[in-house]
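Data block below; observations after.
The values are calculated or read from the model by the stated rules, or taken from the named source; none is laboratory data. Since this is a predicted model, take the numbers as computed values, not measurements. Here the Cβ is made from the backbone with ideal geometry for all residues, glycine too, and neighbour counts use every protein chain on show. Areas reflect the complete protein model, heavy atoms only, side chains present, ligands, DNA and RNA absent. Shrake-Rupley method; radii C 1.70, N 1.55, O 1.52, S 1.80 Å.
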Amino acid sequence: MANTQSVKAVAKYIRMSPHKVRRVLNQIRGRSYQEALMILEFLPYGAGGPVWQVVHSAAANAQNNYDLDKKKLVIAEVYADEGPKLKRIRPRAQGRAYAILKPTCHITVVVKSTD
């Protein structure tokens, strides 16, 4: 594998907990591009949608920018980093306010070509 090209795609500020996204990412890490898409298609988790989009985007980047064949792509790296939290307030009894933290995450997918 002398000519191994890796290509990256990032989805930022996805309104989802990174912990829940990682559960999906662990299912596709190290798999081929086509196999990963099929797995994501039928996973019963909400995070499957955004992850599918990023994987698809990484493959499109590889095809359009580097002339790589989609069929030969393998998911080399995949991770979800924590993004900023949206801060909201829940009114409580007697004038108190509780904080609600709505998490966001950045999903990164790196695909590489296998020759």
List pairs: first in the stretch 18-39 and within 18 Å of Pro103 (Cβ to Cβ), second of a type in the set (Gly, Ala, Ser) and exposed (fewer than 13 other Cβ atoms within 10 Å of the Cβ), Cβ under 8 Å, 6+ apart or cross-chain?
Lys20/Gly46
Residue selected from the stretch 59-80 under the condition touching a helix residue (DSSP H, G or I) at 6+ places or on another chain (Cβ under 8 Å) and open to solvent by less than 40 Å² (accessible area, probe 1.4 Å), by the criterion nearest to Pro103 (Cα to Cα)
Ala80
Test of understanding: among Pro103, Pro44, Pro50, which residue is open to solvent by 70 Å² or more (accessible area, probe 1.4 Å) and over 23 Å from Thr4 (Cα atoms)?
Pro44
Among the residues of the stretch 89-106, what is the count of those that are within 17 Å of Val21 (Cα to Cα) and hydroxyl-bearing (Ser, Thr, Tyr)?
1
Mind listing whichever residues of the stretch 53-89 are part of a strand (DSSP E or B) and in contact with a Ser or Thr (Cβ under 9 Å, 6 or more places away or on another chain)?
Leu73, Val74, Ile75, Ala76, Glu77, Val78, Tyr79, Ala80, Asp81, Glu82, Leu86
Residues that are more than 10 Å from the chain's Cα centre (by Cα) and charged (D, E, K, R), drawn from the stretch 1-60:
Lys8, Arg15, Lys20, Arg23, Arg29, Arg31, Glu35, Glu41
So, in the stretch 98-109, of the ones that are in a strand (DSSP E or B) and within 21 Å of Gly46 (Cα to Cα), which residue ends up farthest from the chain's Cα centre (by Cα)?
Ile100
